[in-house]
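This report refers to the structure that appears directly beneath it.
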Amino acid sequence: MSRPIPNRHHLLAPLLACALLAGCGRPPPPPVEVTVAPIPVDAEVIEQPSGKPGAMLVETEPGDIATVNPLIAEDQSSSGVISRFIEGLVTLHPDTGEIIPNLAKSWEISEDGLQYTFHLRRGVCWSDGHPFTADDVVFTWRDAFYTKELDPQTGQPAIDPETGAPKLRYPSRPAYIQLIEGQEVKVEKLDDLTVRFTLPQLYAPFLLFGGGEEILPAHVLGPAAKDGTLLDQWSINTAINHPEQLVGTGPFLLESYRPGERMVFRRNPNYWRVDRDGHRLPYIERIVTSIVGDSAASNIAFARGLTDIEGIQPDNVTWISRAADKFDFTIHDLGPSTSTSFVWFNLRPGNDPDGKPFIAPHKLAWFQDVRFRQAVSYGVNREGIVQGVFGGRASPLHGYVSAKNAKWLNLDVRRYPFDPAKARALLAEAGFKTRADGRLVDAAGNPVEFSLMTNNNSNLRTEMATVFAENMAALGIRVELQFIDFNTLIRRTSESFNYEASLLGLGGGAPDPYASKDILMSNGRLHMWNPQQAKPATEWEARIDELMREIGREFDETKRKAAFAEVQAIMAEQQPLVFLVTGNEYVGIRNRWQNVQPTKLGGITWNLDALWAELN
């Protein structure tokens with residue numbers, strides 16, 4: 001799917017939708033009455049030339065959505081849909097990455113760095129015509145993020161026995177991110193268009209992460225926050241049967257959704273941006289998004305002239321380019337991608353609810369040994385992946401940050417060039433031996449083998465996994481490949497922990513390293529190899545926690561860079577993520593579309609609301 005810059009990521013068979021989704025038997029919600037409000041006094045005027053309204057854009061999405069609730073969205077498809085109708089107070093400049101106004105027209109920061117006062121745009125309304133005010137901002141933070149679960153016996157906030165902290169009524173990734181060292185941010189409405197945040201301590205990236213947080217409509221979701229059903233709202237069932245309930249401030253609204261088939265978006269009649277002539281945006285009347293099985297099918301649809309815009313996989317650029325004249329499109333080379341790819345091992349100790357270890361003890365011992373992880377890294381032929389999988393349109397990846405994010409990249413981290421001899425030496429040092437038949441065994445004679453899963457709707461990942469398995473076979477390690485749907489994979493890595501190893505990637509590219517807090521810190525929900533630790537399991541994870549806290553509170557950029565450079569060095573040394581490659585980024589778009597202005601950071605769709613085309 002083509003998307004505007006977000007503020008911050010399974011195929012459901014139609015016949016099973018009602019059986020799988022909660023609320024099928026509930027009475028329908030009340031109808032949404034829509035009022036077209038006047039153009040806001042503080043409407044933002046775009047710089048691009050004025051265009052013509054009414055065109056329809058056709059695209060594909062490789063993979064289905066899991067939710068349309070911003071509080072629980074974890075996958076890229078869901079987050080992309082949500083970003084079309086829900087926005088934050090600030091956003092990012094598509095060229096510089098600078099923080100710029102969005103729903104807030106301006107802000108001030110106190111001299112001590114603890115108070116942020118935002119001034120909202122006058123006259124902005126939600127898509128149903130209801131005014132957007134400071135009440136919505138306060139609701140999002142106070143009621144959606146910070147409301148506590150109450151103990152039914154005492155009526156007081158329930159306490160988490162592991163952390164000793166009050167339990168949140170609506171635990172979510174946004175709620176976790178917006179805690180500063182476990183402490184809440186105080187949010188106050190000063191008047192209808194002014195809201196003030198008071199931080200418990202210095203927090204350098206608050207303007208980006210706090211100001212960029214997606215704001216929810218209090219008049220729509222307020223009742224659910226009171227009755228305890230907030231996380232059940234805006235479900236897949238809502239998207240299927242009541243998409244009009246998905247009220248937002250963004251340029252496009254979900255009009256209809258058929259699981260596994262398609263989504264249709266319509267323009268928001270109350271959007272707050274206008275062109276030079278004072279006409280309300282967006283120009284595009286509808287976006288039709290066909291849901292396809294994988295990115296290869298998505299690329300094929302574009303190459304056949306069936307869609308208007310497409311992110312082109314590096315390995316497909318050559319053959320798709322041959323159809324450029326026939327179907328009148330251009331492929332834009334945006335340079336190195338911010339995306340990364342890596343393999344990691346499940347380091348989760350303990351047992352599942354049935355008393356079975358998450359990982360067999362002898363395998364957990366392998367995975368926990370840094371020499372084993374380093375040996376695996378030396379055994380990966382990254383240049384082979386670059387050439388064989390990406391057709392040369394990628395680069396070997398040696399650390400947590402891709403080359404595109406040059407501002408924060410540490411070039412001096414430990415590297416792991418393809419060196420099977422060094423890999424075998426490390427394995428021997430760790431007590432492994434090679435049998436006469438070539439199989440690697442541990443000191444107890446257990447053959448070294450593990451399963452590796454990745455999502456089946458990405459042919460690049462399945463091909464990388466295949467090369468990885470071949471590389472491991474050369475070391476005497478047997479890898480069982482498991483290609484499964486993305487949402488099942490996420491549940492297994494973050495809920496059941498029923499897996500041994502996985503291959504995935506990160507979008508990356510955030511302008512601040514603290515964006516990685518949820519991934520790098522040991523208590524993070526996305527700390528993939530062993531998430532949500534009550535306390536750091538290792539000394540090196542404790543050190544990363546300390547460095548990330550320093551990054552969060554330090555305003556001096558030189559000190560922040562030094563701290564993040566050490567984080568990258570530790571990650572490279574310990575190899576909890578065995579990094580593979582980062583691909584180049586290519587986007588194709590039909591030449592009939594106007595106001596196309598590709599940028600390195602924003603891609604092609606940063607100004608989706610300003611794109612227009614002549615009607616056919």
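Restricting the first member to region 136-151 and to residues that are under 20 Å from residue 104 (Cβ atoms) and among the aliphatic types (A, V, I, L, M), and the second to residues that are at pLDDT below 95 and assigned to a helix (DSSP H, G or I), the beta-carbon pairs closer than 9 Å and six or more apart or on different chains are 144/174; 144/175. May I ask you to list pairs of residues, at least six apart or on different chains, whose Cβ atoms are under 6 Å apart, with the first in region 466-481 being on the phi > 0 side of the Ramachandran plot and the second being open to solvent by less than 10 Å² (accessible area, probe 1.4 Å)? Every condition considered, the pairs that remain are 476/440.
The residues of region 99-131 that are farther than 12 Å from residue 270 by Cβ and assigned to a loop (DSSP other than H, G, I, E, B), listed by number, are 102, 103, 110, 111, 112, 113, 114, 121, 122. Determine whether residue 180 is in contact with a Leu (Cβ under 9 Å, 6 or more places away or on another chain), of a type in the set (A, V, I, L, M, F, W, C) and over 24 Å from residue 221 (Cα atoms). Taking the combined requirement at face value, the residue satisfies it.
Looking only at region 132-158, residues that are of a type in the set (A, V, I, L, M), under 28 Å from residue 33 (Cα atoms) and either assigned to a loop (DSSP other than H, G, I, E, B) or touching a Lys or Arg at 6+ places or on another chain (Cβ under 6 Å) (or both) come to 2 in all. Checking the structure you have, find out if any residue of region 176-184 is part of a loop (DSSP other than H, G, I, E, B), at pLDDT below 95, open to solvent by less than 50 Å² (accessible area, probe 1.4 Å) and not hydroxyl-bearing (Ser, Thr, Tyr). Checking region 176-184: at least one residue is part of a loop (DSSP other than H, G, I, E, B), at pLDDT below 95, open to solvent by less than 50 Å² (accessible area, probe 1.4 Å) and not hydroxyl-bearing (Ser, Thr, Tyr).
Beta carbons closer than 6 Å, at least 6 apart along the sequence or on distinct chains, pair a first residue in region 283-297 that is under 24 Å from residue 455 (Cβ atoms) with a second that is buried (at least 16 other Cβ atoms within 10 Å of the Cβ) and acidic (Asp, Glu) for 289/59; 289/61; 291/61; 291/64.
For residue 136, state whether it is closer than 30 Å to residue 606 by Cβ, of a type in the set (D, E, K, R), crowded, with 17+ Cβ neighbours inside 10 Å and at pLDDT 95 or above. Yes.
Within this structure, residue 550 passes the test of being touching a helix residue (DSSP H, G or I) at 6+ places or on another chain (Cβ under 9 Å) and either open to solvent by 20 Å² or more (accessible area, probe 1.4 Å) or more than 30 Å from residue 302 (Cα to Cα) (or both). When restricted to residues that are under 29 Å from residue 495 (Cα atoms), touching a helix residue (DSSP H, G or I) at 6+ places or on another chain (Cβ under 6 Å) and not in a helix (DSSP H, G or I), region 353-395 contains 1. Scanning region 307-356 for residues that are in contact with a strand residue (DSSP E or B) (Cβ under 7 Å, 6 or more places away or on another chain) and surrounded by fewer than 14 Cβ atoms within 10 Å (Cβ to Cβ) yields a total of 4. Please indicate, with yes or no, whether at least one residue in region 34-46 is of a type in the set (Ser, Thr, Tyr) and either closer than 30 Å to residue 278 by Cα or at pLDDT 95 or above (or both). Looking through region 34-46, at least one residue is of a type in the set (Ser, Thr, Tyr) and either closer than 30 Å to residue 278 by Cα or at pLDDT 95 or above (or both).
Restricting attention to region 520-546, the residues that are surrounded by 18 or more Cβ atoms within 10 Å (Cβ to Cβ), among the charged types (D, E, K, R) and in contact with a helix residue (DSSP H, G or I) (Cβ under 7 Å, 6 or more places away or on another chain) total 0.
The values are calculated or read from the model by the stated rules, or taken from the named source; none is laboratory data. Note that the structure is predicted; figures quoted are calculated from it, not measured. So basically every Cβ, Gly included, is an ideal-geometry build from the backbone, and we count neighbours across all protein chains shown. Side chains are part of the model used for accessible areas, which takes the heavy atoms of the whole protein and leaves out ligands, DNA and RNA. Shrake-Rupley method; radii C 1.70, N 1.55, O 1.52, S 1.80 Å.
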